[in-house]
Each structure stands twice: as C-alpha cells, then as structure tokens.
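Scroll down for the structure; my scribbles are underneath it.
The values are calculated or read from the model by the stated rules, or taken from the named source; none is laboratory data. None of the values given here were measured: they were computed from a predicted structure. Virtual Cβ from ideal backbone geometry, glycine too; neighbours counted across all protein chains shown. All accessible areas refer to the heavy atoms of the entire protein, side chains included, with ligands and DNA or RNA removed. Shrake-Rupley method; radii C 1.70, N 1.55, O 1.52, S 1.80 Å.
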Amino acid sequence: MSQRLKLEIKAPDTVEGHDLVVLVSDALTLSGAAQEAAGPGAQALLTRAAAAERFKGKAYAGLTLPAPEGAAYERLIAIGTGSAADRGELDFVKLGGVIAGRLAAGRSAEIVLALPEGMVEAKQAADLALGLRLRSYVFDRYKTKSKDKDETGSIAVTLRVADPAAAKKALKAADAIAAGVVLARDLVNEPPNVLYPEEFADRAKKLEKLGVEVEILDEKDLKKIGMRALLGVGQGSRRESRVVVMRWNGAGKDEPPVAFIGKGVTFDTGGISLKPGASMEDMKGDMAGAACVVGLMHALAARKAKVNAIGVIGLVENMPDGNAQRPGDIVTSLSGQTIEIINTDAEGRLVLADVLWYAQDRFKPRFMINLATLTGAILVALAQENAGLFTNSDELAQRLTAAGLATGETVWRMPLGKAYDKMIDSKFADMKNSSGRYAGSITAAQFLQRHVNDTPWAHLDIAGTGMAAKDSEINRSWGPGWGVRLLDRLVKDHYEG
C-alpha cells in the first residue's frame with residue numbers, strides 16, 4: 001500500500017509550490033485570503049477561463065489553469081462550492097477527495113481553506129484532510145516495475161487555515177479514522193495466498209500496539225469451545241481456521257461493551273458446491289466484514305474512543321478438499337442448534353452463527369452488529385448503492401441509517417418475519433443453511449437471527465459495498481474499507497461518554 005500524501009497545516013501566509021488550490025462560489029469571486037494567496041491577475045484569469053470552459057462554480061466541480069504571470073506557483077486549481085445553500089450541505093470529506101483527484105504525484109500543493117463566508121472551521125479542515133488521505137490511497141505492494149517519479153512520488157499538501165492549533169487537534173481523530181479505513185482496504189486487497197486465516201489473525205494482533213487486547217483462538221480452542229459450524233466450513237482447507245477477539249477498553253469497567261462481528265472467509269471457492277470459475281478471484285474479498293471490524297477497532301483505539309468495544313472475527317478458508325463439508329451433512333452449532341448443510345457455498349452464515357452466539361454469551365454486549373459479504377441476492381436488490389440492513393432493533397436501524405447518511409456509507413433496511421423464518425426449517429435438523437433463490441438475503445438474515453438470543457442486533461450484508469467497489473470521490477481502490485467510517489460515526493454519536 002502507498003498513502004502518497006504528506007500533510008501540513010499552517011496559517012494563511014505567502015504560498016509557494018506547484019499548485020495553489022482555492023475554493024470558489026457560484027459567483028466565481030475569490031475570497032480575501034484566496035485573492036491574497038493567488039496574487040494579482042488571478043481573479044481576472046479565473047473569470048476568463050471559467051467563461052471559456054463553462055465553469056459555473058458548482059459544488060465539487062473543478063477547473064485547472066496555468067498560474068498568472070509572475071506567480072510563485074505553477075497551476076491555479078479552483079474548486080466549486082456552489083451557492084450559499086449548497087455550502088450549507090457541503091461534504092468536506094468528499095470535497096477533499098475531489099481536490100486530491102486534481103493533484104498529481106511528485107508535486108506540492110497549497111490549499112487555502114476560505115469560503116465567501118470566511119475561513120473554514122477546524123472540523124471541516126480535518127474532514128477535508130480525511131478525504132485527501134482516502135482518495136490518495138493506492139495499493140501497489142506487488143507492482144515491481146519501476147515508474148516515473150511523477151507517477152509514484154508523494155504529494156506534499158499544506159492546508160492554510162485560520163487556527164492551525166485547532167485544526168491539528170481535530171486532525172488527530174480524522175487521521176485515526178483514515179488509518180482504520182486504510183488498514184481495512186489493505187486487508188481486502190491482499191491476495192489469498194498471502195492473507196489466509198493465520199496471517200489475518202497475526203495482523204489483527206498488531207492492534208496491541210494501540211492498546212487493544214487481542215486473543216487468538218486456534219482450532220484446538222475452537223473444538224473445545226464447540227464452534228462446529230465454523231470449523232465445518234474450514235475443514236476442507238489446509239489452512240487452519242481462527243477466531244480473533246479484540247477488546248478496546250475506553251470506558252469504565254462496569255460499562256457494557258458494544259460488539260462488532262465480522263465474516264472472514266479469506267477465500268471462498270464455494271466448497272463442494274463449487275462456484276463458477278469466472279471472477280472467482282474476487283472471492284479473496286469475502287473477508288471484507290472482518291477487515292472492517294479490524295479497521296474499526298484500529299480507529300477507535302487510535303482516537304482513544306471513550307467506549308468499551310469488542311471485535312470478533314471468524315477466519316476460515318472454504319475449499320473443495322476430500323475432507324470438505326458436504327451437502328447433506330448436519331452440524332451442531334455453538335448454540336446447540338443443529339444445521340443441515342444444503343449448500344456449502346452458504347458458508348458465511350455458518351461462521352457468523354458460532355461467532356455471534358459466542359459474543360453475546362461471553363460479553364453480554366449492549367448490541368451486536370455483524371458485517372458480511374453474505375449474499376449475491378443483496379446485489380440484485382440494492383446494487384452497489386446501499387448495504388442491506390436487517391435488525392431486531394428499531395433504535396439500531398434509525399441510528400445506523402443516520403450514520404450512513406452522515407458518512408455516505410448508506411444502508412437500506414430490509415424485512416425480517418416469521419414467514420421468511422419458516423423457509424429455513426429443515427426436515428432433518430433444526431434449520432437448513434439455504435432455502436434456495438427466493439428472498440436469499442432475508443433468509444440468510446433469519447438464519448443469523450436464530451443465533452443472537454435477545455441481544456439487540458443488526459446484520460449488514462455488504463456483498464455490494466465491501467469489495468469490487470465503484471469509483472467515488474474518496475475511493476479508487478477495489479477494496480474500499482466500507483463500514484469503518486459508518487460504525488465509528490455510530491459509536492461517536494451514541495455510545496461514548
């Protein structure tokens with residue numbers, strides 16, 4: 001991975017470097033601070049170029065032009081912020097991503113954070129810096145051919161703000177979140193021969209450097225505990241399965257924790273119910289839920305969140321070995337309930353069933369939220385626009401929806417109900433792990449609900465958002481690290497202090 005961004009925060013002053021970035025309204029008038037930084041001739045040049053290029057200063061639009069004669073910089077980059085009404089809704093994380101998209105590696109840039117209403121606030125500057133960091137992420141660890149410095153060099157960015165001390169303080173939390181997202185992206189992007197269950201667990205253990213308590217359960221431990229549903233998924237692989245328990249104690253000892261659960265299938269062939277070969281390489285991303293949980297725990301610890309948080313991830317590899325689980329097998333889950341295996345490619349819910357039961361039984365959390373690239377059916381329903389939200393708690397639904405709107409990592413609530421629950425009843429066991437094509441995402445969620453007891457719980461099906469991501473203003477990575485910002489916002493807004 002390469003972050004490729006060096007960031008400084010300074011007060012408004014004489015600027016120099018390759019690029020000067022200014023924020024303009026739909027009136028295209030430079031603010032006082034921007035005018036001072038841009039120098040004589042900049043306003044006239046911007047006005048002429050905007051007319052020629054039909055640049056109207058709309059929010060998030062951009063215009064790049066050569067610097068005016070005699071300027072200490074080489075390029076002037078104007079980024080639109082729209083009308084006064086638009087600026088009231090301006091997403092500064094997105095704005096930071098838009099700016100990063102205009103910058104070039106191997107160059108330096110000065111960004112004057114001034115709007116017509118005045119200099120931006122410290123929190124807004126930190127959000128913009130977060131967008132800069134997320135957009136500048138590149139996963140190039142396995143690229144060996146040399147490239148020109150202009151393609152691989154870092155970008156040196158200076159933010160010009162009214163109160164550098166306040167902005168630097170706000171930036172600490174933003175940097176913690178960025179680091180969590182970057183960690184999740186790295187994990188999702190890694191190839192499966194590198195990131196198998198044992199290696200994934202070892203990487204999660206590095207969170208101990210931030211004060212997170214990390215416990216790794218190996219197959220001997222899991223057999224003793226009774227996680228037979230999870231172990232059944234991994235029994236066809238030469239790679240041993242693991243469960244990782246992460247604990248961040250940021251609140252009082254008597255404060256019950258919040259819990260986050262992640263599906264971590266480091267590669268999913270489908271097992272005996274083998275997937276088609278086309279695009280199977282994407283199944284390295286079937287651990288995006290676990291990656292999010294690890295990234296979230298990093299973010300919470302790095303910003304010293306005032307909350308007790310538990311992260312539990314089930315790590316397996318689903319392979320079609322001679323010892324692999326078969327359709328028709330019956331396994332007994334940690335809850336004591338029996339499961340008939342109909343389809344070995346419906347494996348994620350088996351992993352989550354044991355881990356969810358373990359988390360609610362051991363930690364008695366205030367709530368549990370699990371994330372999983374669980375069903376292709378959620379893509380049919382929601383495409384890549386929203387994650388599917390299933391929950392037994394209206395309060396959790398409302399809070400997750402609000403956090404999604406605030407961060408852009410949006411969720412859409414899907415139904416649960418007795419009629420769907422009956423669809424997973426089995427003739428031979430307490431339940432079956434697949435009911436066929438119809439309502440595939442809903443019946444998967446009903447399966448999980450049978451393993452949460454009365455704990456407030458939400459299931460996020462991120463098959464459409466957790467991997468093979470669409471390009472956005474803040475992401476150009478196949479693995480987007482989806483969910484870290486969403487859940488950090490949820491915790492910050494409702495569960496700290």
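Tallying residues that are assigned to a helix (DSSP H, G or I), surrounded by fewer than 19 Cβ atoms within 10 Å (Cβ to Cβ) and touching a residue at least 40 places away in the same chain (Cβ under 8 Å) within the stretch 151-167 yields 4. Against the condition at pLDDT 95 or above and more than 19 Å from the chain's Cα centre (by Cα), how does Asn386 come out, does it pass? For Asn386, the condition - at pLDDT 95 or above and more than 19 Å from the chain's Cα centre (by Cα) - is not met. So is Ala469 farther than 22 Å from Leu400 by Cα, in a loop (DSSP other than H, G, I, E, B) and not hydroxyl-bearing (Ser, Thr, Tyr) or not? It is false that Ala469 is farther than 22 Å from Leu400 by Cα, in a loop (DSSP other than H, G, I, E, B) and not hydroxyl-bearing (Ser, Thr, Tyr). Against the test of being closer than 19 Å to Gly289 by Cβ, open to solvent by less than 10 Å² (accessible area, probe 1.4 Å), over 24 Å from the mean Cα position of the chain (by Cα) and touching a residue at least 60 places away in the same chain (Cβ under 8 Å), the options Ala229, Ala204 yield a single qualifying residue, Ala229. Kindly evaluate Ala372 against the criterion of being aliphatic (A, V, I, L, M), touching a Lys or Arg at 6+ places or on another chain (Cβ under 6 Å) and modelled with pLDDT of 95 or more. Yes: the conditions hold for Ala372.
Kindly evaluate Phe260 against the criterion of being of a type outside the set (Lys, Arg), within 21 Å of Asn343 (Cβ to Cβ) and either part of a strand (DSSP E or B) or within 17 Å of the chain's Cα centre (by Cα) (or both). When the stated conditions are applied, Phe260 does not pass them. Given the criteria open to solvent by 30 Å² or more (accessible area, probe 1.4 Å) and over 27 Å from Ser241 (Cα atoms), does Glu395 qualify? Yes, satisfied. Of all the residues in the stretch 69-93, those that are open to solvent by 10 Å² or more (accessible area, probe 1.4 Å) and either touching a strand residue (DSSP E or B) at 6+ places or on another chain (Cβ under 8 Å) or part of a loop (DSSP other than H, G, I, E, B) (or both) number 12.
Within the stretch 52-61, being open to solvent by 20 Å² or more (accessible area, probe 1.4 Å) and of a type outside the set (Asp, Glu) holds for Ala52, Arg54, Lys56, Lys58, Ala59, Tyr60, Ala61.
Pairs meeting the criteria (first residue in the stretch 11-27 and within 24 Å of Lys94 (Cβ to Cβ), second residue among the β-branched types (Val, Ile, Thr) and outside any strand (DSSP E or B), beta carbons under 8 Å, at least 6 apart or on different chains) are Pro12/Val161; Val21/Ile99; Leu23/Thr81; Val24/Thr81; Ser25/Thr81.
Within the stretch 390-442, the residues that satisfy the criterion of being more than 30 Å from Asp127 (Cα to Cα) and basic (Lys, Arg) are Lys418, Lys422, Lys427, Lys432, Arg437. Given the structure, is Val161 within 20 Å of the chain's Cα centre (by Cα) and of a type in the set (Val, Ile, Thr)? No: the conditions fail for Val161. Cβ separations smaller than 9 Å between residues 6+ apart or across chains give the following pairs from the stretch 87-116 residues that are on the phi > 0 side of the Ramachandran plot to residues that are of a type in the set (Asp, Glu) and open to solvent by 40 Å² or more (accessible area, probe 1.4 Å): Gly106/Asp148; Gly106/Asp150; Gly106/Glu151. Could you say whether any residue in the stretch 399-419 is without any contact (Cβ under 8 Å) to a residue 60 or more places away in the chain, surrounded by fewer than 23 Cβ atoms within 10 Å (Cβ to Cβ) and in contact with a Lys or Arg (Cβ under 9 Å, 6 or more places away or on another chain)? Among the residues of the stretch 399-419, at least one is without any contact (Cβ under 8 Å) to a residue 60 or more places away in the chain, surrounded by fewer than 23 Cβ atoms within 10 Å (Cβ to Cβ) and in contact with a Lys or Arg (Cβ under 9 Å, 6 or more places away or on another chain), which makes the answer yes. Taking the criterion of being hydrophobic (A, V, I, L, M, F, W, C), open to solvent by 10 Å² or more (accessible area, probe 1.4 Å) and closer than 25 Å to Asp488 by Cβ, the residues of the stretch 240-276 that qualify are Trp248, Ala251.
Against the definition (at negative phi, of a type in the set (D, E, K, R) and assigned to a loop (DSSP other than H, G, I, E, B)), how does Arg366 come out, yes or no? Yes; evaluated as a whole, the condition is true for this residue.
For the stretch 476-497, state whether one or more residues are β-branched (Val, Ile, Thr), within 17 Å of the chain's Cα centre (by Cα) and either open to solvent by 30 Å² or more (accessible area, probe 1.4 Å) or farther than 17 Å from Glu385 by Cα (or both). Yes, because at least one residue in the stretch 476-497 is β-branched (Val, Ile, Thr), within 17 Å of the chain's Cα centre (by Cα) and either open to solvent by 30 Å² or more (accessible area, probe 1.4 Å) or farther than 17 Å from Glu385 by Cα (or both).
Looking across the stretch 9-51, the residues that are in a helix (DSSP H, G or I), open to solvent by 30 Å² or more (accessible area, probe 1.4 Å) and farther than 30 Å from Lys168 by Cβ come down to Gln43, Ala44, Leu45, Thr47, Arg48, Ala51.
Residue count for the stretch 94-123, restricted to those that are in contact with a strand residue (DSSP E or B) (Cβ under 9 Å, 6 or more places away or on another chain) and over 21 Å from Phe55 (Cβ atoms): 6.
Among residues of the stretch 59-68 being of a type outside the set (A, V, I, L, M) and in a loop (DSSP other than H, G, I, E, B), the one that is farthest from Ala49 (Cα to Cα) is Tyr60.
Pairing each residue of the stretch 326-337 that is at pLDDT 95 or above and outside any loop (DSSP other than H, G, I, E, B) with any residue that is of a type outside the set (Asp, Glu) and surrounded by 16 or more Cβ atoms within 10 Å (Cβ to Cβ), provided the two are 6+ apart or on different chains, yields C-beta distances under 6 Å for Ile330/Thr338; Ile330/Ala429; Val331/Arg228; Val331/Ala229; Val331/Gly232; Val331/Ile339; Thr332/Arg228; Thr332/Thr338. None of Ala445, Ala458 is closer than 22 Å to Ala359 by Cα, part of a strand (DSSP E or B) and touching a residue at least 24 places away in the same chain (Cβ under 8 Å) except Ala458.
With respect to being in contact (Cβ under 8 Å) with a residue 40 or more places away in the chain, over 17 Å from Glu199 (Cα atoms) and either out of contact with any Lys or Arg (no Cβ under 6 Å at 6 or more places or on another chain) or not hydrophobic (A, V, I, L, M, F, W, C) (or both), Ala291 falls outside the description.
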